[in-house]
């Protein structure tokens, strides 16, 4: 198991509207010599703010949404769920999250699942940095469920992958999987064994019906990256595959620290330069409510045995 750690510095920015957080990446497609646009979002927080990062108006997501919440004493915020469910993931600090009469204390890496039609009060005794991921259009009520990162470390929910390729060795912590009752959401974080690692390998996407589209069993997905480098003054980044499933050539976009990206329509594997260490959180929403099979994927042909 790869031990979790904090990667990257906390970067506050002034308050930013959702439409200003999207910055499409332009990637030149080899052979065809045309530009592809990839949805990317500035996920940096604003101090003592709730910042909507991914919304219905600034993305093509049908179900997934993302927000960033940072609080310092004595601030408190309230989030109201309609027909949507959410996971609250603590990036840093300590948070108290109250849902009804229940109050939960979260530390780094912990996740709280909150179902539909609930009101959520978030506060802290000192400081907290939270990522909120939501799935829209949910219709089944499930109880509030707390998952502590330390409780799944060393269990089958901490999946050690990449045994065939040393550079792809990583631990995928499945924080919200079959251990949590939910309508659409799956969620976790991934840590690499070494700098210059390869994450999410082999190239795959969550359209299990095959390479010709996203059918009823498919899933939308967000990646949120944290990157760091051991070269002073260097700018850390990773290369993210954005090739469509029918394409035979892998195509990579530069993704910088604190960037969230829509990886839904494309293969996703991630390559880091030798100096760069990275981790990422990932969140999936199933197209069909209740169909939450994390392993139901389509591998790039020829890579089926690369897990």
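Side notes on the structure shown:
- The set of residues in the range 232-247 that are exposed (fewer than 11 other Cβ atoms within 10 Å of the Cβ) and either over 11 Å from residue 267 (Cβ atoms) or in contact with a helix residue (DSSP H, G or I) (Cβ under 9 Å, 6 or more places away or on another chain) (or both) comprises 232, 233.
- So residue 62, is it surrounded by fewer than 20 Cβ atoms within 10 Å (Cβ to Cβ) and in contact with a helix residue (DSSP H, G or I) (Cβ under 6 Å, 6 or more places away or on another chain): no
- Reported count of residues in the range 65-89, each being buried (at least 23 other Cβ atoms within 10 Å of the Cβ) and not in a strand (DSSP E or B), is 0.
Conditions (1) in contact with a helix residue (DSSP H, G or I) (Cβ under 9 Å, 6 or more places away or on another chain); (2) free of Cβ contacts under 8 Å to residues at least 24 places away in the same chain; (3) over 17 Å from residue 66 (Cβ atoms), marked per residue:
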residue: 103; (1), (2), (3): no, yes, yes
residue: 109; (1), (2), (3): yes, no, yes
residue: 121; (1), (2), (3): no, no, yes
residue: 141; (1), (2), (3): no, no, yes
residue: 144; (1), (2), (3): no, no, yes
residue: 147; (1), (2), (3): no, no, yes
residue: 151; (1), (2), (3): no, yes, yes
residue: 170; (1), (2), (3): no, no, yes
residue: 185; (1), (2), (3): no, no, no
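- Matching option when the condition is in a strand (DSSP E or B) and farther than 24 Å from residue 132 by Cα, among 253, 232, 285: 253
- Against the numbered list (1) at pLDDT 95 or above; (2) surrounded by fewer than 17 Cβ atoms within 10 Å (Cβ to Cβ); (3) more than 20 Å from the chain's Cα centre (by Cα); (4) in a loop (DSSP other than H, G, I, E, B), residue 116 comes up short only at (2).
- Criterion (exposed (fewer than 15 other Cβ atoms within 10 Å of the Cβ), out of contact with any strand residue (DSSP E or B) (no Cβ under 9 Å at 6 or more places or on another chain) and either on the phi > 0 side of the Ramachandran plot or at pLDDT 95 or above (or both)) met by exactly one of 274, 301: 274
- Test: residue in the range 81-98 that is touching a strand residue (DSSP E or B) at 6+ places or on another chain (Cβ under 6 Å) and at pLDDT below 95: no
- Hey, residue 245 in contact with a strand residue (DSSP E or B) (Cβ under 9 Å, 6 or more places away or on another chain), in a loop (DSSP other than H, G, I, E, B) and modelled with pLDDT of 95 or more or not: no
- Looking only at the range 48-59, and only at residues there that are touching a strand residue (DSSP E or B) at 6+ places or on another chain (Cβ under 9 Å) and part of a loop (DSSP other than H, G, I, E, B), the one that is surrounded by the most Cβ atoms within 10 Å (Cβ to Cβ): 59
- Residue count for the range 119-136 under the criterion of being loosely packed, with under 15 Cβ neighbours inside 10 Å and farther than 15 Å from residue 95 by Cα: the result is 1.
- Candidate set: the range 195-229, residues that are assigned to a loop (DSSP other than H, G, I, E, B) and touching a helix residue (DSSP H, G or I) at 6+ places or on another chain (Cβ under 7 Å); chosen: the one surrounded by the fewest Cβ atoms within 10 Å (Cβ to Cβ): 196
- Total residues in the range 134-172, condition under 14 Å from residue 110 (Cβ atoms) and not in a loop (DSSP other than H, G, I, E, B): 7
- Test set (1) in a strand (DSSP E or B); (2) on the phi > 0 side of the Ramachandran plot - residue 98 fails condition number: (2)
- Among the residues of this structure, residue 264 counts as one that is at pLDDT 95 or above, surrounded by 20 or more Cβ atoms within 10 Å (Cβ to Cβ) and assigned to a loop (DSSP other than H, G, I, E, B).
- Taking the criterion of being free of Cβ contacts under 8 Å to residues at least 60 places away in the same chain, surrounded by 15 or more Cβ atoms within 10 Å (Cβ to Cβ) and part of a loop (DSSP other than H, G, I, E, B), the residues of the range 14-47 that qualify are 16, 46.
- Residue within the range 147-164 that is surrounded by fewer than 16 Cβ atoms within 10 Å (Cβ to Cβ) and closer than 19 Å to residue 289 by Cα present: no
The values are calculated or read from the model by the stated rules, or taken from the named source; none is laboratory data. Source: prediction; values computed, not measured. All Cβ positions, glycine included, derive from the backbone under ideal geometry; neighbour counts span all protein chains shown.
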